[in-house]
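Here is the structure we will look at, set down as structure tokens.
The values are calculated or read from the model by the stated rules, or taken from the named source; none is laboratory data. On a predicted model such as this, the values are computed, not experimentally measured, just so you know. No Cβ is skipped: glycine too gets one built from the backbone with ideal geometry, and neighbour counts run over all protein chains shown. Please note that ligands, DNA and RNA were not included when accessible areas were found on the heavy atoms of the full protein model with its side chains. Shrake-Rupley method; radii C 1.70, N 1.55, O 1.52, S 1.80 Å.
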Amino acid sequence: MSQFEQKTGNEYDAVIVGAGFAGLYMLHCMRKLGLSARVYEAGDGVGGTWYWNRYPGARCDVESMEYSYQFSEDLEQEWEWTERYAGQPEILAYLNHVADRFDLRKDIEFNRRVTAAVFDDTANRWEVRIGGDVVSAAFCIMATGCLSSTNMPDFNGIERFDGDTYHTGNWPHEGVDFAGKRVGLIGTGSSGIQATPVIAEQAGHLTVFQRTPNFSVPAHNKPMDPSYQEQIKSDYRDFRKRLKDLPIACMRPPGEKSALEATPEERAIEYEEHWQRGGLSFLGAFSDLITNQASNETAAEFVRAKIREIVKDPQVAEMLCPDHVIGCKRPCSDTGYFEAFNRSNVTLVDVGKSPIKSFSSTGLDTVDDSYELDCAIFATGFDAMTGALEQIEICGKGGIRLKDKWASGPTTYLGLTTVGFPNLFTITGPGSPSVLANMVTGVEHHAEWISECIRYVRLGGFERIEPTVEAEAAWVRHVNEVADETLYPTCNSWYMGANIPGKPRVFLPYIGGFPTYLKKCEEIVAKGYEGFILN
Ligand code: FAD
Ligand code: NAP
């Protein structure tokens, strides 16, 4: 029996938008609290990222044993991962299993895109619009995802192109047969880098249009070692605790010494060891790779040397060598990416030097050349962190629009709440560690923090909670200060909003480290929700 009054009909205690890792667990938490909650999801199934991104080669780059929920020991024990880095179908199967196991579907409406959420200042409730329907909720929880709003650049003449087009972030469920096709792939971020080697094996010819080369470290993916899985399962709690104490809540503790304290020989050994181990912990080889330009350059040069070693054509190898700071664009992890350029059916085109001019009916023209294509793949990323939120017409107190409030960059308290929008929560919102940490761990933390907060509001007999102007300003200052101590702002990355024309250039996630963030969140709760107004 609930300790709170439950609303029925089209009135809920909470509306949750999105049914990925975040929305599913948020719903479970609301149920545990005995509250009524309704989830609205634009897709026709659960899974979020793993529902939409079905491109060939899609898989996680945080290890499967770490990239999973920890709220249920039974779930942890019963689920068997089959690879070191699970592929998209396996992660989607896992999330479907979670939805079934915890009987979540009955409170989720699929194919239902939330278009607006308006706060009623008198009733202290959110009116949430789903197309023509309106529901009302005391709390509105955005589990809309950091990387769920696809970025489709406005390519000149795209409507003239007669071939098929695909975006990696909205891939056809039935898959695509590229056999014998002339395929063009635009974009060399994580998605393009994962897709390239797999599509190269299928296509007649693959042309990769690269605007900026990217660093990538081999994943060394392999079948799950059953004894490793068993060992973790026998001590999951300790395993999770150790991970939570790491700056990015996954992988390994970063090195303790500066790259510059090591001799060139010691550095080479360290980098080689990390390269052979595989995966993104490469950037943890030394303590200062993301704060010291000279240290960073030693790691960057190591990877460039690897690219030159792998790629047989020296000209192609040079084109693939990035000259930016390693890690300041989201690092990538691959399976045979650079090797793919040794294939006779793969061509690399530098559209940084010779930009894409326009599409024609039969292909694509750069400033210097023309390419005949049967289909084009856009691996052009996302309007990250704010895109999905700003696509919803969110209006707070006095009709203030979130989009207007964030016109010069998002401002939040903890990435979870924002002034002027009482009872609105954003899971992994801007200003939270989100994309700079194991996102499943971040999502779980947020869902639990939000449900504890809602419990506090209800038990205290309050109707609304909202951060103070001062608390928000101090948090935003802190988020910027810690970002400015790093090399992140030196790059044109989606972390900076730089991939979307006109988007304010602001460092979006919180880089102060996952443990620091957890501590801050705990302190705020311990001090009776310090920095919040409750009434
Ligand atoms: P999402 O999974 O993005 O789910 C949000 C959901 O909200 C979507 O289903 C969307 O349809 C729905 N939605 C949005 N707006 C609306 C609306 N207005 N109305 C209704 N529904 C809406 N992170 C890691 O930590 N490790 C990894 O290895 C990793 N790999 C990734 C690989 C890819 C290809 C991508 C794109 C991202 C990856 N990420 C990874 C980040 C990943 O997004 C998160 O790990 C995690 O899946 C986010 O879950 P979520 O529920 O917060 O958001
Ligand atoms: P992304 O990192 O933003 O990469 C987009 C690519 O498209 C970039 O190479 C970009 O070039 C290029 N591009 C964009 N607009 C272009 C234009 N007009 N002309 C030519 N090129 C253009 O997007 P993503 O690869 O989809 O990855 C997004 C994030 O999702 C990742 O960073 C990661 O967090 C997550 N992800 C993770 C995995 C994984 O391994 N687990 C896999 C996929 C995605 P510029 O660099 O020049 O802008």
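Below is a table of values for the structure above.
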{"read-out": "Distance from segment 168-245 to segment 497-535 (C-alpha centre basis), Å", "value": "30"}
{"read-out": "Label-to-label distance, nm, for residues given as A268 and D365 (7 Å Cα→Cβ offset)", "value": "5.0"}
{"read-out": "Distance in nm between pseudo-label sites at R113 and T165 (7 Å out along the Cβ direction from Cα)", "value": "1.6"}
{"read-out": "Length gained when the stretch K405-R252 is fully extended (0.36 nm per residue, less Cα-Cα span)", "value": "51.2 nm"}
{"read-out": "Among T490, Y456, G398 the positive-end extreme of the charge dipole of segment 387-507 (Cβ point charges)", "value": "G398"}
{"read-out": "Length-normalised contact order of segment 239-301 in % [C-alpha pairs under 8 Å, at least 6 apart]", "value": "34"}
{"read-out": "Net lengthening on full extension, E201/K233 (0.36 nm per residue, minus Cα-Cα)", "value": "7.9 nm"}
{"read-out": "Check: the chain dipole with +1 on Lys, Arg Cβ and -1 on Asp, Glu Cβ, in debye", "value": "760"}
{"read-out": "Among 23-30, 123-130, 140-147, the order from most to least packed when residues are scored by Cβ within 10 Å on average", "value": "140-147, 23-30, 123-130"}
{"read-out": "Accessible surface, segment 399-494, averaged per residue in Å² (probe 1.4 Å)", "value": "33"}
{"read-out": "Segments 192-204, 292-304 sorted - mean Cβ within 10 Å per residue, highest first", "value": "192-204, 292-304"}
{"read-out": "Portion, in percent, of the accessible area of segment 1-109 that falls on carbon or sulfur, probe 1.4 Å", "value": "45"}
{"read-out": "Selected from T441, M26, I290, residue furthest toward positive end of dipole (the chain; charges at beta carbon)", "value": "M26"}
{"read-out": "Added length on full extension, which subtracts the Cα-Cα distance from 0.36 nm per residue, D120 to A473", "value": "124.6 nm"}
{"read-out": "Estimated inter-spin distance, K312 and E523, nm [label 7 Å along Cα→Cβ]", "value": "5.8"}
{"read-out": "Farthest toward positive dipole pole in the chain [+1 Lys/Arg, -1 Asp/Glu at C-beta], among Q229, Y69, T347", "value": "Y69"}
{"read-out": "Alpha-carbon gyration tensor eigenvalues x 5, square-rooted, for segment 420-468, Å", "value": "23, 13, 6"}
{"read-out": "In degrees, nearest ten, helix 190-202 long axis to first principal axis of the chain (Cα)", "value": "50"}
{"read-out": "Dipole in debye (nearest 20) - segment 325-458, about Cα centre, beta carbon charges: Lys, Arg +1; Asp, Glu -1", "value": "740"}
{"read-out": "Eligible lysines near K503 by straight Cα distance, threshold 25 Å, same-chain separation 8 or greater", "value": "K329, K353, K357, K397, K403, K405"}
{"read-out": "Along each principal axis, Cα extent of segment 152-309, largest first, Å", "value": "55, 42, 28"}
{"read-out": "Degrees, to the nearest 10: 514-526 long Cα axis against longest axis of the chain", "value": "10"}
{"read-out": "With Cα atoms, 0 to 90° folded angle of helix 439-459 axis to the chain main axis", "value": "10"}
{"read-out": "Area of K527 that stays accessible when all protein chains are in place (1.4 Å probe, Å², to 10)", "value": "120"}
